[in-house]
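**Q** Can you read through this structure? Questions will come right after.
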Amino acid sequence: MATPPPTTLPALHASHAGSWLREGVGGTRAVSKGEAVMAAADTPLLILNAPLLATRLGYPDLSGLDLLELYAFIHPARFVVPTPRGLARALDLVEPNGDGDVPRLLQEAANALLQTCEREDWPEREGAWTSLQTLVRMRWPWATLLSGRIARPETAERWLFSRLPEWEESPEAAQPRQVMLDQPQVLERLAHITGSTAEQRPGQRAFSAEAAYAFGPREASGQPRVVLAQAGTGIGKTLGYLAPASLWSDLSGGTVWVSTFTKALQRQLRQESRRAWPDRRPDGTRPVVVRKGRENYLCLLNLEDALQGGFAGRAAILAQLVARWAAYTRDGDMIGGDLPGWLGTLFRQRGVTALTDRRGECVYAGCPHYRKCFIERSARASVGADLVIGNHALVMVNAARGRDVAARPTRIVFDEGHHIFDAADSTFAAALTGAETIELRRWVIGPEKASRGRRRGLAARLADVASYDEAGGKAIAAACAAAEALPSDGWLQRLVEGAPSGPLEELLASVRATIYARDESGGQEAGYGLETEAAGFEGPFVETAQAARAALAELRLPLIRLGVRLEALMEDGPDWLDGPGRARIEGARHSLTWRVDLLGAWEALLDRLGGPADPEFVDWLALDRSEAREYDVGLHRRWLDPMKPFAKVVLEPAHGVVMTSATLRDGDDWERAVVRSGAPHIGVLPHLSTHYSPFDYAKQAEVLIVTDVPRGDIASLSAAYARLIDASRGGVLGLFTAIRRLRIVHGRIADRLARAGLPLYAQHVDPIDTGTLVDIFRDDPAASLLGTDALRDGVDVPGHSLRLVVMEQVPWPRPTILHRARRLAATALKGGASAYDDAIIRARLAQAFGRLIRSRDDHGHFVVLSSAFPSRLLSAFPEGTPIRRLSLDEALQRIIAHASGELDSKPDPARNLP
Ligand code: SF4
């Protein structure tokens with residue numbers, strides 16, 4: 001039977017405003033949700049983003065010919081905003097004129113994509129035919145439509161794993177030369193990389209000159225040169241620090257690390273670094289590399305397993321699409337790299353994460369793909385690089401337990417420096433929970449159920465060691481026996497039923513019972529997570545904890561013995577232990593050390609439960625729940641001041657460190673920033689520098705504090721959001737402190753706004769990852785986006801798409817046990833505990849405000865819905881920003897006037913008045 005031309009396929013579109021169906025070549029008509037669902041159940045329809053459409057129609061089983069899947073097959077590793085508009089743009093088609101025009105676009109897009117496969121110059125042709133043969137067998141809906149169009153290649157296509165290039169072993173990096181950067185040189189470099197035609201920016205020049213201090217020679221061991229630089233938005237600090245960094249790297253031959261918190265800044269850095277470095281050196285190597293944690297990258301061995309039957313059903317189709325991507329990706333980064341974020345949501349995110357190396361099961365040189373492995377490639381590339389772009393967590397983990405001491409960062413620029421504290425807080429935390437302990441069990445013993453994948457335990461991974469070295473073999477057997485004490489599959493269910501098995505499950509059951517017994521938060525009914533202090537335990541609880549501690553020690557000891565055996569093997573290895581074999585043992589030793597440390601931290605946590613609290617730490621018990629469904633339980637430990645381990649592990653071995661941000665200081669006060677840099681812990685006095693934003697905030701922005709929306713009145717809150725979005729005609733970023741309120745507000749207003757042509761997207765509501773939501777928001781000036789904390793920090797949307805930020809209330813810190821402990825510790829500092837809270841709130845307000853004005857041309861309003869906004873928090877906003885307290889109606893008038901260009905933007909003389 002001949003394949004029907006794609007334009008005759010029916011197409012369906014649904015938004016909050018309604019549903020539209022185009023049948024064959026006929027016209028498009030609006031249909032009810034019921035009719036849309038019937039049509040979709042009847043015959044495969046052309047659709048865009050099935051999970052989103054399913055949510056809009058309230059029909060979770062919806063499936064069809066999803067154009068995003070087709071796009072991922074035809075253009076792997078190519079960016080597209082997954083909306084009708086975005087698709088039209090990516091394919092060079094006429095953008096749809098409203099919702100009713102979308103089905104027409106879907107037909108044209110299907111046509112365009114299918115025709116691409118027939119073109120000679122299709123750049124991503126290699127591998128498509130072979131992959132399609134498998135997809136036909138899997139009955140992928142698009143397979144039959146593609147079949148007649150992709151020509152069978154004349155010679156057999158190479159298998160993905162033989163097509164990927166091998167990485168080259170890089171020589172050990174020499175020590176950097178000691179150099180002094182003089183100011184004229186730094187400024188000359190800055191002028192060079194900004195371009196001679198670039199506007200003169202005195203702030204940027206001053207910033208650059210000050211940042212250069214960190215690149216001078218260290219005067220005493222363990223005493224790095226530390227610069228804290230407060231740099232207002234618009235200073236141009238990225239090129240400001242890249243100038244001395246690139247000069248130092250040129251002169252010294254060393255590597256500079258720039259660490260960021262958000263992926264948006266990593267992307268920006270990758271682009272801006274091109275001004276200072278070429279893409280490749282004459283020898284073909286790259287001077288600039290981006291590095292992420294290993295859990296971000298595709299593990300080729302996992303992919304091979306998935307392609308060979310490890311994945312079934314829809315997940316197997318995902319594996320095929322990921323294999324297409326793997327052949328074209330820039331660096332194999334699956335999380336935030338060039339694998340579309342939406343691919344995981346089309347097929348369930350778990351499928352994507354299962355293809356990374358999250359569990360540390362890498363077998364290194366024992367892996368057949370070792371020489372092509374993306375993770376190994378990225379680690380090697382960074383050794384000889386001039387600039388490594390990393391993130392805070394990676395820099396800390398690398399400093400704490402990096403495999404190669406010589407490759408640890410010594411010159412580091414922490415951009416988005418206000419996030420270092422939180423990143424250190426999570427990096428140096430310990431969590432003895434059900435989820436963590438079962439992970440460890442699987443790492444030691446392997447999975448319980450017969451698994452089709454390659455997941456294997458320690459015994460299988462080190463089988464050759466066990467057969468060669470008797471003591472090593474005994475240590476592996478003892479570790480496997482001891483790991484039986486850890487929780488196993490079904491542990492949570494057993495806890496709920498009161499039938500825990502083994503000492504660790506007994507402990508978790510006691511933790512859970514204690515939390516329920518003590519909880520007074522009122523959160524039990526609301527379904528939130530619960531927590532209680534790790535204090536005041538009776539004898540039986542302490543005995544259970546000690547039994548669990550003993551079981552952990554039973555496991556730690558054979559792991560230590562095994563580590564010693566592996567070390568001996570490395571020193572005096574058998575003949576069969578060749579280079580790759582040694583690399584594998586080295587890898588195993590590295591991951592053993594990490595587990596031994598983990599077990600030690602857990603034991604220390606349990607050890608102190610019966611006795612006095614350790615003043616360095618905050619310990620508590622927590623039950624993690626989502627909408628009343630429990631998913632983890634256990635004990636947690638954080639450093640009271642995580643900058644202590646940070647200073648020891650990251651700062652002390654470093655030679656030069658710059659920490660910079662637009663919101664490092666609290667107002668004009670440096671004290672908190674200095675304390676939070678960690679430098680005082682190693683007796684270093686940081687060099688402080690301040691650079692004010694060149695933006696004219698008096699003209700560009702206005703803060704409106706709306707005083708007549710009653711707190712806790714969800715109907716008024718929803719109405720206020722709807723009116724604000726309508727007044728500004730979209731372009732609103734709405735920030736919430738509670739997911740529940742966000743969902744209710746979205747549910748009440750999304751349909752109404754959509755009918756007015758103002759689409760409203762929301763984190764925790766739309767089945768779309770946060771990065772893609774921001775892409776969608778950026779792409780459509782009429783769209784608005786609601787979200788929580790992650791958006792307050794991660795959104796970089798310059799220009800017209802973001803013109804109004806709304807905060808539903810003052811962002812008070814959540815009164816958690818950890819927060820209470822740190823607040824108490826702050827009573828000894830200037831201003832006491834309330835100053836501690838105020839500083840947190842001002843930092844959050846400043847960050848949120850920072851989303852609004854990203855360039856000299858940006859204009860916009862920042863609205864806080866708060867009847868009693870304390871005046872002492874107003875210093876969060878940049879000097880000169882007009883601030884008004886007013887009613888919602890007055891605020892709407894100002895926003896409408898601004899939208900129509902009539903706003904009187906004179907500075908408000910009433911600024912800072914209560
Ligand atoms: S070397 Fe390790 S991470 Fe890389 S592909 Fe092999 S098993 Fe996966």
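The values are calculated or read from the model by the stated rules, or taken from the named source; none is laboratory data. None of the values given here were measured: they were computed from a predicted structure. Cβ coordinates were reconstructed from backbone atoms using ideal geometry, including for glycine residues, and neighbour counts include every protein chain displayed.
**Q** Among the numbered conditions (1) modelled with pLDDT under 95; (2) assigned to a helix (DSSP H, G or I), tell me where Pro447 comes up short.
**A** (2)
**Q** Which of the residues spanning the range 265-296 are surrounded by 16 or more Cβ atoms within 10 Å (Cβ to Cβ) and within 16 Å of the ligand (Cβ to nearest atom)?
**A** Result: Arg291, Lys292, Gly293, Arg294, Asn296.
**Q** Just one of the numbered conditions (1) in a helix (DSSP H, G or I); (2) more than 29 Å from the chain's Cα centre (by Cα) is not true of Arg218; which one?
**A** Just one mismatch for Arg218, condition (1).
**Q** Out of (1) in contact with a strand residue (DSSP E or B) (Cβ under 9 Å, 6 or more places away or on another chain); (2) more than 13 Å from the ligand (Cβ to nearest atom); (3) within 11 Å of Val352 (Cα to Cα), what's the single condition that is false for Leu318?
**A** Only one criterion is unmet by Leu318, namely (1).
**Q** Check off (1) surrounded by 24 or more Cβ atoms within 10 Å (Cβ to Cβ); (2) away from the ligand (no atom under 16 Å from the Cβ) for Cys299 and give me the number that stays unchecked.
**A** So Cys299 meets the others, but not (2).
**Q** Looking at (1) touching a residue at least 24 places away in the same chain (Cβ under 8 Å); (2) assigned to a helix (DSSP H, G or I); (3) surrounded by fewer than 17 Cβ atoms within 10 Å (Cβ to Cβ), which is the only condition Leu135 fails?
**A** Result: Leu135 fails condition (3) only.
**Q** Quick one: Lys292 ticks every box in (1) within 24 Å of the chain's Cα centre (by Cα); (2) at pLDDT 95 or above; (3) in a loop (DSSP other than H, G, I, E, B) except a single one, so which number is it?
**A** Among (1) within 24 Å of the chain's Cα centre (by Cα); (2) at pLDDT 95 or above; (3) in a loop (DSSP other than H, G, I, E, B), the lone unmet condition for Lys292 is (2).
**Q** Would you please list the contacts, defined by Cβ atoms under 7 Å and residues six or more apart or on different chains, that run from a residue in the range 353-374 that is within 9 Å of the ligand (Cβ to nearest atom) to a residue that is among the β-branched types (Val, Ile, Thr)?
**A** Hits for this filter: Asp357/Ile375.
**Q** Quick one: count up the residues across the range 674-729 that are in contact with a Gly (Cβ under 9 Å, 6 or more places away or on another chain) and among the polar types (S, T, N, Q).
**A** Within the range 674-729, residues that are in contact with a Gly (Cβ under 9 Å, 6 or more places away or on another chain) and among the polar types (S, T, N, Q) number 6.
**Q** Return a yes/no flag: does the range 450-462 have any residue that is touching a Ser or Thr at 6+ places or on another chain (Cβ under 8 Å) and either buried (at least 21 other Cβ atoms within 10 Å of the Cβ) or free of Cβ contacts under 8 Å to residues at least 12 places away in the same chain (or both).
**A** Applying the first criterion (touching a Ser or Thr at 6+ places or on another chain (Cβ under 8 Å)) to the range 450-462 yields none.
No: zero hits.
Listed here are the residues, each with its yes/no results for (1) within 37 Å of the chain's Cα centre (by Cα); (2) loosely packed, with under 14 Cβ neighbours inside 10 Å.
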{"position": "Asp519", "(1), (2)": "yes, no"}
{"position": "Gly522", "(1), (2)": "yes, yes"}
{"position": "Gly529", "(1), (2)": "yes, no"}
{"position": "Gly539", "(1), (2)": "no, yes"}
{"position": "Ala548", "(1), (2)": "yes, no"}
{"position": "Ala551", "(1), (2)": "yes, no"}
{"position": "Arg556", "(1), (2)": "yes, no"}
{"position": "Pro574", "(1), (2)": "no, yes"}
{"position": "Gly579", "(1), (2)": "yes, yes"}
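**Q** May I pose another question? Of the numbered conditions (1) over 20 Å from Ala553 (Cβ atoms); (2) touching a Pro at 6+ places or on another chain (Cβ under 6 Å), Glu506 satisfies every one except a single condition; which is it?
**A** (1)
**Q** Same structure again: Scan the range 105-119 and give yes if some residue there is without any contact (Cβ under 8 Å) to a residue 12 or more places away in the chain and not in a helix (DSSP H, G or I), otherwise no.
**A** Taking every residue of the range 105-119 in turn, at least one turns out to be without any contact (Cβ under 8 Å) to a residue 12 or more places away in the chain and not in a helix (DSSP H, G or I).
**Q** Hey, another quick one. Looking only at the range 853-890, which residues are aliphatic (A, V, I, L, M) and at pLDDT below 90?
**A** As a first pass, look at the range 853-890 and keep what is aliphatic (A, V, I, L, M): 853, 863-865, 868, 873-874, 876, 883, 886, 888.
Selection gives Ile853, Ala868.
**Q** Restricting to the range 407-422, what's the tally of residues that are part of a helix (DSSP H, G or I), among the hydrophobic types (A, V, I, L, M, F, W, C) and in contact with a strand residue (DSSP E or B) (Cβ under 8 Å, 6 or more places away or on another chain)? It would help to see each step written out before you state the result.
**A** Narrowing the range 407-422 to residues part of a helix (DSSP H, G or I): 407, 417-422.
Checking which are among the hydrophobic types (A, V, I, L, M, F, W, C) leaves us with 407, 420-421.
With the extra rule that they be in contact with a strand residue (DSSP E or B) (Cβ under 8 Å, 6 or more places away or on another chain), the set shrinks to 420.
Going through the range 407-422 one residue at a time, the tally reaches 1.
**Q** State whether the residues of the range 151-167 include one that is surrounded by fewer than 15 Cβ atoms within 10 Å (Cβ to Cβ), more than 33 Å from the chain's Cα centre (by Cα) and over 26 Å from Glu304 (Cβ atoms). Can you show your working first?
**A** To start, the set of residues in the range 151-167 that are surrounded by fewer than 15 Cβ atoms within 10 Å (Cβ to Cβ) comprises 151-156, 158-159, 162-163, 165-166.
Now drop any that are not more than 33 Å from the chain's Cα centre (by Cα), which leaves 151-156, 158.
Retained after the next criterion (residues that are over 26 Å from Glu304 (Cβ atoms)): 151, 154.
Taking every residue of the range 151-167 in turn, at least one turns out to be surrounded by fewer than 15 Cβ atoms within 10 Å (Cβ to Cβ), more than 33 Å from the chain's Cα centre (by Cα) and over 26 Å from Glu304 (Cβ atoms).
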